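Scroll down for the structure; my scribbles are underneath it.
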Amino acid sequence: MSGRSAAWFGAEGRSGMIHRSWMRNQGVTDEVFDGRPVIGIATTWSELVPCNAHLHRVAEAVKRGVWQSGGFPREFPCTGLGETLLRPTAMLYRNLLAMEAEELMRANPLDGLVLLSGCDKTTPGLLMAASSVDLPAIMVTGGPMLSGRYQGRQLGSGTQVWRFEEELAAGTITPAECAVAEGAMARSPGHCMTMGTASTMACLAEALGMQLPYSATWPAVDARRDQTAQRAGQRIVELVEADVRPSSIMVREAFEDAVKVNAAIGGSTNAVIHLAAIAGRLGVPFSLDDVDALGRDVPTLVDLEPSGRFLMEDLCYAGGLPAVMQEIAGLLHLGRPTVAGGTVADAIADAACWNREVIHPFDRPMAPAGSGTAVLRGNLAPDGAVIKQSAASPSLQQHRGRALVFESPEEYRAVSDELDIDESTVLVLRYCGPRGYPGMPEVANVGLPRKLLERGVRDMVRVCDGRMSGTAYGTVVLHVAPEAAVGGPLALVETGDEIELDVPGRSLTLHVEDDELARRRERWRAPAPAESRGWTRLYTEHVLQADHGADLDFLVGAGGAEVPRESH
C-alpha cells in the first residue's frame, strides 16, 4: 500500500485496526483499504449560506466520479461563509475557514482534495488552505443562480439591491414592488449571477488553472454543473496518481493571467485581496503594483452587471470563460499547466464565442484597455488603494472636493438625510478596515443622501478603508492602506479638508500640509479593540493590511502535508 493515507489504513497492529474498523461503521467494503487514493471532498455547504445550500448535491456528483476512477471519496464539512447573512462580514471569517480547512486536510488520511465552494469568501478560503497543505487538489464552484426576472426585465442579484435602495429613497418605486422583486431576484440555488466577487473568484479559480474549463459559468441548476463535478471527481484521482499539486499549477504566471482575466471580465476589486492572500500562502511574489501594471493593457470585454447589462447565465451561453480567455490569448501564458491536464492553450483551444453582445472582441471592447481595477497611491494611501473604473462615473474619476468624515457607516446613515452636502462632496468613511470594524466589511458604497437622489444624483466620490461588494457600483475608493485603525493617514482627515482623486494619474491626495498632519498625528489615539476574546481577538491581533491580502501573519507561507504523529 502506498500514498499518504496508507499511514492510516495500511498500518499494522492496533493503529491500523482502529482506523479501519471505525471507518467500517459506514458500511464500506474491504476494497476501500487496498491502497486506492482517499479523496477528501471539502464542502462549505450550509443552510446559513444560501449560495452554498446545494453543495450536497454537487458533492454526490463528485463522489460518482471518484468511485468511477478507483478512488475512495470522503466528504467533510468546512466553515460555511455567506456574505448575505454573516455579521459584521464573511471576510472576518475567511482566514478562519482557511485555517480550519488546512488543519482538517493535514490531520486526516487524505491523498487528494476536491474543494466545493460558492459564496465569495469560500472560494479563496479553500484555495488558501489547499495552497498551504499542497496536496493534489481541484476546485468545483457551485455555479451562479439563474438570471432574475421581474416585470419583463432581467434582475441581477446584489446590483439591483443597491438600485432599488436608491429608487425607494427617491420615491420612484414602492416597498410593495421591492418585496415582489426580492423573490424574482434570487429564484434558484447558486451564488450571485452578476459579476460580483463570487462569480469573479469562480472565474479566477478557472483562470488560475484550478477548475476544469467552463466550470465557472454553468448555472447551479444546470445538469452540466453536475457533469462537471463528476469529471472533477474522476480527474482528482489522476492528479493524485501524477502527484500534481497546487504549487505546480498556481505559479507566478497563473497569477499574472488571473489579473488579466479579472480586467477582461470586469471583475470585483475583492479579487485583489484574495489573490494576494493565495499567493502569500504559496510564496509567489504578488503586489498591488502587479495588479495595476498587468491590467493596463487589457480591455473590458464582458458586458455584465454591475459594469454592463448581462448576467452570468448569458456569459455561460456565450461561450464561458474559455471564450473570454481566447480573446486575450495573446496576453496570456498559454504554456502553463492546469488541473485539466495539458496547458492553458489546450483548455481554450476549442473555445468559441456565440454572442458578441456579451463577450466583445478584443478589437471592439466594451471598455478600453486600462479600464479595470486601478491602484491609487498618494499621501492618503501610501500603501495603496483600489477603484473599479468600469463601475465608476467617468466624470468623477478626476475630482477635487470637500471631505465629509464619518467614523462608521452607522454614524453616516443616522444623519445622511440631514447633511449639508452636494454632489461635489467627498464622503470619507473610516475605521472599516481589517482591524477597524473588524473584518473589512462591504460598507464603502454607502447610499447617497435622499435630497441628492431626489435631484437625480446617483453617484459621488466615496473613500474608505473597507470594501464594497463586487455586485456594487459607484465612484468608490476602496482598501485604503494603511487603514485608519492602525494610524493610516485616513485617520487624520477632518471634515472640510480637500481630497483630490485622479484615477488616470493613479493618485489620491489629501491637500493638507505635512506639519498640520504631524500635529494631528500627535493628537490621534488608536481605537480600542473591537473584541477581547475568541476568533475576533486573534484576527485583530494578527491580520495583515489589505495590500498584503488581509491574511493572518502566522499563516503566510506553506505548511506542507506531513503526516501527523500517531495518537494510538
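Of the residues making up region 380-393, none is crowded, with 21+ Cβ neighbours inside 10 Å and free of Cβ contacts under 8 Å to residues at least 40 places away in the same chain.
Of all the numbered requirements in (1) modelled with pLDDT of 95 or more; (2) in contact with a helix residue (DSSP H, G or I) (Cβ under 6 Å, 6 or more places away or on another chain); (3) not aliphatic (A, V, I, L, M), ARG20 misses one, and that requirement is (1). When the helices (runs of 4 or more DSSP H) confined to region 25-143 are screened for residues that are free of Cβ contacts under 8 Å to residues at least 40 places away in the same chain and within 24 Å of GLY433 (Cβ to Cβ), those reaching at least 1 such residues are found at 91-107.
Inside region 524-565, residues that are under 20 Å from the mean Cα position of the chain (by Cα) and in a loop (DSSP other than H, G, I, E, B) make up a count of 7. Entry remark, region 101-143: residues being more than 18 Å from GLY549 (Cα to Cα) and not hydrophobic (A, V, I, L, M, F, W, C) number 13 in total. Taken residue by residue, region 407-417 has at least one member that is open to solvent by 20 Å² or more (accessible area, probe 1.4 Å), in contact with a helix residue (DSSP H, G or I) (Cβ under 9 Å, 6 or more places away or on another chain) and at pLDDT 95 or above. Restricting attention to region 453-477, the residues that are within 15 Å of MET440 (Cα to Cα), in contact with an Asp or Glu (Cβ under 8 Å, 6 or more places away or on another chain) and aliphatic (A, V, I, L, M) total 1. Has region 159-171 got any residue that is open to solvent by less than 20 Å² (accessible area, probe 1.4 Å), closer than 18 Å to HIS54 by Cβ and within 24 Å of the chain's Cα centre (by Cα)? No: zero hits. Applying the criterion of at least 3 residues that are more than 23 Å from the chain's Cα centre (by Cα) to the strands (runs of 3 or more DSSP E) found wholly in region 307-417 leaves 398-406. For region 450-489, filtering for residues that are assigned to a loop (DSSP other than H, G, I, E, B), free of Cβ contacts under 8 Å to residues at least 60 places away in the same chain and crowded, with 23+ Cβ neighbours inside 10 Å leaves 1.
Does ALA444 count as buried (at least 23 other Cβ atoms within 10 Å of the Cβ) and assigned to a strand (DSSP E or B)? No.
The values are calculated or read from the model by the stated rules, or taken from the named source; none is laboratory data. From a predicted model like this one, the values you see are computed outputs, not experimental measurements. All Cβ positions, even for glycine, are placed from backbone atoms using ideal geometry, and neighbour counts span all protein chains on display. Each accessible area value is taken on the protein alone, full model and side chains, heavy atoms only, with ligands, DNA and RNA left out. Shrake-Rupley method; radii C 1.70, N 1.55, O 1.52, S 1.80 Å.
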